[in-house]
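Each remark here refers to the structure printed beneath this line.
The values are calculated or read from the model by the stated rules, or taken from the named source; none is laboratory data. Because the structure is a prediction, the values reported are computed rather than measured. Cβ placement follows ideal geometry from the backbone for every residue including glycine, while neighbour counts extend to all protein chains displayed.
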Amino acid sequence: MNGSIQDYARVGIVHFMAYPACAGGEGPILESIERIANDPYFDVIELTRVKDDAQRSAVRSIAEQAKVDLYFGAQPILLGGGLDLNHADSSERQKAIDAVKAGIDQAFALGCKGVAVLSGKVSADKEAATQRLVNSLRELAAYARSKGMPLVMETFDQVPFGKNCLIGPNADAVAVSKEVRKEFPDFGIMLDLSHLPLQYEESAPAIKLAGEHLVHAHIGNCAMDDASHPAYGDNHPRFGAPGTCNDVKELTEYLRALLDNGYLSTTNRRVLSFEVKPMAGEDSEAIIAGSKRTLDQAWRIL
């Protein structure tokens, strides 16, 4: 492919996955953010809550100095708290909404450019659950808009060894996005190469179906064939790890589909973020370096 991937995308990384000790809002947040911010390969860092006010201010300062954009992932807040934006109990649903709103407040303090969420659990009353989700998303999109940020929803699997989320298949995600966009046209969906095998979807048809609703993209890997695998399910192992689904070939197919969709473009460089997590005994820095090499190799093949 002519030019670098950076000519077509703002390459980012999901910080709380690469450095899982930081996912709860504590840990080596500042030093790990500094490492990424000082790497010119990256234009974007996706992070989640930062509990300490002073540390939050320092993270924002580093990002501004390095000219790196920050995005906020509320997924760990929802998943870690067992919270559900489409819960049948209104009080439980409100807990999830309030938790995300608190995350949006932090995102605003950090100077983030956008906020991501996910749906709640698969529900037997799918139609009613989807409407509850749409209502929650509208409330959160309005709150995010008041802070100057768009809201995005990430698609996930519906398998018991994964996240088992209502949304779910990309057809359902697009239907939800259409409803939310009636009031919030900057809303959209996030697709992740890590999740597509778990969703039993392939890159080209999934991305074509998403169409204009695709506003954010992640790249990574998963393991789903062996329950004894240390990264079994939705755990984002490094590209090409033994017993996993995605490596250079699959990433190349995903990139080609993103190009065909117009998501990757020299005139509108959108976010393309690694979401990779070290397994036991692995090193975050090595995983990040290997991910960059994998992306560069896939890009050369195109």
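Within segment 264-278, residues that are farther than 19 Å from LYS113 by Cα reach partners that are polar (S, T, N, Q) and part of a loop (DSSP other than H, G, I, E, B) with beta carbons closer than 8 Å, at six or more positions or on different chains, in the pairs VAL276/ASN221; LYS277/ASN235. Out of the residues in segment 31-53 meeting the condition of being closer than 15 Å to ALA109 by Cβ and either in a helix (DSSP H, G or I) or of a type in the set (Asp, Glu) (or both), tell me which one is nearest to the chain's Cα centre (by Cα). It comes out as ILE33.
For segment 163-171, state whether one or more residues are touching a residue at least 40 places away in the same chain (Cβ under 8 Å) and assigned to a helix (DSSP H, G or I).
Yes.
The requirement of being without any contact (Cβ under 8 Å) to a residue 24 or more places away in the chain, surrounded by fewer than 16 Cβ atoms within 10 Å (Cβ to Cβ) and closer than 29 Å to LYS292 by Cα is fulfilled somewhere in segment 5-25, by at least one residue. Condition check: in a helix (DSSP H, G or I), more than 22 Å from ARG256 (Cβ to Cβ) and modelled with pLDDT of 95 or more. Does SER177 satisfy that? In short, yes. Screening segment 185-200 for residues that are of a type outside the set (D, E, K, R) and touching a His at 6+ places or on another chain (Cβ under 6 Å) and picking the one that is nearest to LYS249 (Cα to Cα) gives SER194.
I'm checking my understanding of the structure. Among residues of segment 230-263 that are more than 14 Å from GLY290 (Cα to Cα) and aromatic (Phe, Trp, Tyr), which one is farthest from the chain's Cα centre (by Cα)? Don't jump to the end; show me each part of the working.
So in segment 230-263, the residues more than 14 Å from GLY290 (Cα to Cα) come out as 230-235, 242-245, 249-250, 252-263.
Restricting the remaining residues to those that are aromatic (Phe, Trp, Tyr) gives 232, 254, 263.
Values: TYR232: 19, TYR254: 15, TYR263: 16 Å.
Looking at the filtered set, the residue picked out is TYR232.
In segment 122-129, is there at least one residue being closer than 18 Å to GLU212 by Cβ and not in a strand (DSSP E or B)?
No, segment 122-129 has no match at all.
Restricting attention to segment 26-45, the residues being closer than 16 Å to GLY73 by Cβ and touching a helix residue (DSSP H, G or I) at 6+ places or on another chain (Cβ under 6 Å) number 5. Scanning segment 135-162 for residues that are within 22 Å of SER90 (Cα to Cα), of a type outside the set (Ser, Thr, Tyr), surrounded by fewer than 22 Cβ atoms within 10 Å (Cβ to Cβ) and touching a residue at least 40 places away in the same chain (Cβ under 8 Å) returns ARG138, GLU139, ALA142.
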